[in-house]
Amino acid sequence: MLALIDYGSGNIRSVTNALKREGADVELVSDPARLAAAEAIVLPGVGAFGDCVRGLQSRRLWEPLAEWLAADRPFLGICVGYQMLFEESEESPGVRGFGFFGGAVKRFTTPGLKVPQIGWNQLDLAAPAHSLWRGLPPHPHVYFVHSFFPDPSEGAIVTARSTYGETFAASAARGRAAGVQFHPEKSQAVGLAILRNFIASVPARALAGQG
Amino acid sequence: MGPGEDFKNPAASVKPNPLSRLHSTKMLTKRVIPCLDVHDGKVTRGLQFGRAEEGGLRNVGDPVELAIRYNDQGADEMVFFDITASAHGRGTMIDVIERTAAHCFMPLTVGGGIRAVEDMSAMLKSGADKISINSSAIATPELISAGAERFGSQCIVVSIDAKKTAPDCWEVFVQGGRKPTGLDAVAWAEEAVRRGAGEIVLNSIDADGTKAGYDLVITRRISEAVGVPVVASGGAGTLDHMVAVLAEGKADAVLAASIFHFGEYTVTDVKHHLARHGVPVRLPETVAN
């Protein structure tokens, strides 16, 4: 079973639809006890960094997710679900992220730039061989909606970059955990391929879709 | 540099390289957005602004079928307007959005008849990503901030119907362009953004449905006045109109209905035309697996 974390953060219907379409046995999980049955986790996130962290904490999901990450199990964070993998965010000073990746989340500050970035921007695949990118064209377009972006302290974790005023880490990964700043569930064929690749990276029994 | 080399090299940090930035052709692309006016579960199109209610509608088909067609053509987003704007219409719209969201993995915006945060919530739950409000935002500006606080600014689009009422003066109208509000279009756009709107749709009433081209002056003024994206709507008759509003009009996206519905142009045609004229767009991409 693929656990899609449901913690009151925005609309997760499209993520559910997209994962199901790609063959995953998706379950919306808000009860930490259900994680025992999960082989993979997708953590979406819409809204403010601090609200998302508190949403996970108040549902007692924070510690189990931190343990999951530490155990190097299959994990995909989307948008703020990706940003929370870092140490902190300028959006919510004083609120700690998972710190799974070093570095902080920053706001776009280039003068004259419209914020949020809304729309389709191109990826530079910094790690073209990463499993998430299998089958993609060299510079695929994906859909972004965000005002903040992670600035990793370590370049080696960056798997894709994108440029909006400044170049930022559009995706990062370590072991079986990855995060993307864009919305694969809103990125048409390219986005569906990325989700398909994530599902394919999970041990086979999770995909069977028995449910 | 071979594949993966960049990844292995810790020196290749994400710190921006000014030189590579200057030479990069990669940037946020301009969006092409088909708009579907939905009346009683069918897509319709009035010949000119406000005529819909007067029986000047042309029925152009099933919204979900059209949405799938535009999705396949590479539309960057889709907008659905409930022009019934009744409780019954809202129920129909929820069904349309649910069915569209099951097939089209792209951003969907819904507008028309949204008067409360609960209406927004129902649309978002059915699969919409953004909510567009127009006259209800004028009647109750607090609705903008309430929506933005609850769902985030990126969710809240304020749509403005503007009409040139005097030289160098554009006024906001409601009720299909019939009722003046006394609001200055630029000032209202600024206020909407201050209250939390994450995007502005500017519908030029003079131009809407006439196919004479977008109003470039007011589009540019609003785009330069606000720090959020501006979507130009109303008046697309030729592909050059779209080039003009994205280049001279400084719009971030174009929204159009008629030229797509009646099969004059596909979304792909539009994008190829824009690309040929130097407008950055997302062209079809092939996925190999």
Checklist entry - Given A:Leu76, A:Leu65, A:Leu35, which one is in contact (Cβ under 8 Å) with a residue 24 or more places away in the chain, assigned to a strand (DSSP E or B) and either hydrophobic (A, V, I, L, M, F, W, C) or under 24 Å from A:Ser147 (Cβ atoms) (or both)? => result A:Leu76
Checklist entry - Just for helices (runs of 4 or more DSSP H) wholly inside the stretch B:174-289: which have at least 3 residues that are within 17 Å of B:Lys164 (Cβ to Cβ), touching an Asp or Glu at 6+ places or on another chain (Cβ under 7 Å) and at pLDDT 90 or above? => result B:216-225
Checklist entry - Is it fair to say A:Leu19 is more than 14 Å from chain B (Cβ to nearest Cβ), under 30 Å from B:Ser153 (Cα atoms), of a type outside the set (D, E, K, R) and surrounded by 21 or more Cβ atoms within 10 Å (Cβ to Cβ)? => result no
Checklist entry - Which residues, counting only those in the stretch B:244-275, are more than 16 Å from the chain's Cα centre (by Cα) and of a type in the set (Val, Ile, Thr)? => result B:Thr266, B:Thr268
Checklist entry - If a residue has to be in a loop (DSSP other than H, G, I, E, B), in contact with a Leu (Cβ under 8 Å, 6 or more places away or on another chain) and under 30 Å from B:Val157 (Cα atoms) to count, how many in the stretch A:79-122 make the cut? => result 3
Item to check | Count - residues of the stretch A:156-169 that are open to solvent by less than 10 Å² (accessible area, probe 1.4 Å) and facing another protein chain (nearest Cβ under 8 Å) | outcome: 5
Checklist entry - Of B:Ala251, B:Ala232, which residue is under 19 Å from B:Asp206 (Cα atoms), touching a residue at least 40 places away in the same chain (Cβ under 8 Å) and in contact with a helix residue (DSSP H, G or I) (Cβ under 6 Å, 6 or more places away or on another chain)? => result B:Ala251
Checklist entry - What is the number of the single condition among (1) open to solvent by 30 Å² or more (accessible area, probe 1.4 Å); (2) within 12 Å of chain B (Cβ to nearest Cβ); (3) of a type outside the set (Phe, Trp, Tyr); (4) touching a helix residue (DSSP H, G or I) at 6+ places or on another chain (Cβ under 7 Å) that A:Gln122 does not meet? => result (4)
Checklist entry - Has the stretch B:38-59 got any residue that is surrounded by fewer than 19 Cβ atoms within 10 Å (Cβ to Cβ), touching a Pro at 6+ places or on another chain (Cβ under 8 Å) and either at pLDDT 90 or above or in a strand (DSSP E or B) (or both)? => result yes
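Name the single residue that is modelled with the lowest pLDDT among those in the stretch B:87-108 being of a type in the set (A, V, I, L, M, F, W, C) and open to solvent by 10 Å² or more (accessible area, probe 1.4 Å).
In the first step, residues of the stretch B:87-108 are kept if they are of a type in the set (A, V, I, L, M, F, W, C); the result is B:87, B:93-94, B:96-97, B:101-102, B:104-106, B:108.
From what is left, the residues that are open to solvent by 10 Å² or more (accessible area, probe 1.4 Å) are B:87, B:94, B:102.
Working: B:Ala87: 66, B:Ile94: 92, B:Ala102: 93.
Out of the qualifying residues, it is B:Ala87.
Okay, residues lined up against (1) open to solvent by 30 Å² or more (accessible area, probe 1.4 Å); (2) under 27 Å from B:Pro229 (Cβ atoms); (3) facing chain B (nearest Cβ under 8 Å):
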residue: A:Gly112; (1), (2), (3): yes, yes, no
residue: A:Leu132; (1), (2), (3): no, no, no
residue: A:Pro140; (1), (2), (3): no, yes, yes
residue: A:Val145; (1), (2), (3): no, yes, yes
residue: A:Pro150; (1), (2), (3): no, yes, no
Item to check | Positions within the stretch B:268-284 being crowded, with 18+ Cβ neighbours inside 10 Å and within 12 Å of another protein chain (Cβ to nearest Cβ), in sequence order | outcome: B:Lys271, B:Val281, B:Arg282
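For the stretch B:241-254, name all the residues that are within 15 Å of A:Gly119 (Cβ to Cβ) and open to solvent by less than 10 Å² (accessible area, probe 1.4 Å). Steps first, answer last, please.
Just the residues of the stretch B:241-254 that are within 15 Å of A:Gly119 (Cβ to Cβ), to begin with: B:246, B:250-254.
Answer for the stretch B:241-254, where residues must be within 15 Å of A:Gly119 (Cβ to Cβ) and open to solvent by less than 10 Å² (accessible area, probe 1.4 Å): B:Leu246, B:Ala251, B:Ala253, B:Val254.
Tally time: how many residues in the stretch B:109-132 are assigned to a strand (DSSP E or B) and either open to solvent by 20 Å² or more (accessible area, probe 1.4 Å) or in contact (Cβ under 8 Å) with a residue 40 or more places away in the chain (or both)? Outline the logic, then answer.
As a first pass, look at the stretch B:109-132 and keep what is assigned to a strand (DSSP E or B): B:109-111, B:130-132.
Among the residues that remain, those that are also either open to solvent by 20 Å² or more (accessible area, probe 1.4 Å) or in contact (Cβ under 8 Å) with a residue 40 or more places away in the chain (or both) are: B:109, B:111, B:130, B:132.
Residues in the stretch B:109-132 being assigned to a strand (DSSP E or B) and either open to solvent by 20 Å² or more (accessible area, probe 1.4 Å) or in contact (Cβ under 8 Å) with a residue 40 or more places away in the chain (or both): 4 in total.
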Checklist entry - Residues B:Gly113, B:Gly196, B:Gly177: which one is touching a helix residue (DSSP H, G or I) at 6+ places or on another chain (Cβ under 6 Å) and closer than 29 Å to B:Ala244 by Cα? => result B:Gly196
Item to check | Residue in the stretch A:176-204 that is modelled with the lowest pLDDT, counting only those that are open to solvent by 60 Å² or more (accessible area, probe 1.4 Å) and over 13 Å from the mean Cα position of the chain (by Cα) | outcome: A:Ala204
Next on the checklist: Condition first: of a type in the set (A, V, I, L, M), more than 8 Å from chain A (Cβ to nearest Cβ) and part of a loop (DSSP other than H, G, I, E, B). Now tell me which residues in the stretch B:85-108 satisfy that.
Outcome noted: B:Ala85
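Which is more than 11 Å from chain A (Cβ to nearest Cβ) and among the basic types (Lys, Arg), of B:Lys125, B:Lys130, B:Lys164?
Working: B:Lys125 fails: more than 11 Å from chain A (Cβ to nearest Cβ); B:Lys130 fails: more than 11 Å from chain A (Cβ to nearest Cβ).
Exactly one of B:Lys125, B:Lys130, B:Lys164 is more than 11 Å from chain A (Cβ to nearest Cβ) and among the basic types (Lys, Arg), namely B:Lys164.
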Item to check | Among residues of the stretch B:143-173, those that are aliphatic (A, V, I, L, M) and outside any helix (DSSP H, G or I), counted | outcome: 7
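In this structure, is B:Ser145 within 14 Å of chain A (Cβ to nearest Cβ) and of a type in the set (Ser, Thr, Tyr)?
On the way: within 14 Å of chain A (Cβ to nearest Cβ): no; of a type in the set (Ser, Thr, Tyr): yes.
For B:Ser145, the condition - within 14 Å of chain A (Cβ to nearest Cβ) and of a type in the set (Ser, Thr, Tyr) - is not met.
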Checklist entry - So which residues in the stretch B:254-289 are of a type in the set (A, V, I, L, M, F, W, C) and in contact with a helix residue (DSSP H, G or I) (Cβ under 7 Å, 6 or more places away or on another chain), if there are any at all? => result B:Val254, B:Phe260, B:Val267, B:Val270, B:Leu274, B:Val279, B:Val281, B:Leu283, B:Val287
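The values are calculated or read from the model by the stated rules, or taken from the named source; none is laboratory data. The shown structure was predicted, so the numbers you read here are calculated from the model rather than taken from an experiment. We place every Cβ from the backbone using ideal geometry, glycine too, and count neighbours over all the protein chains shown. When the accessible area is computed, the model is the full protein with side chains, heavy atoms only, and any ligands, DNA or RNA have been set aside. Shrake-Rupley method; radii C 1.70, N 1.55, O 1.52, S 1.80 Å.
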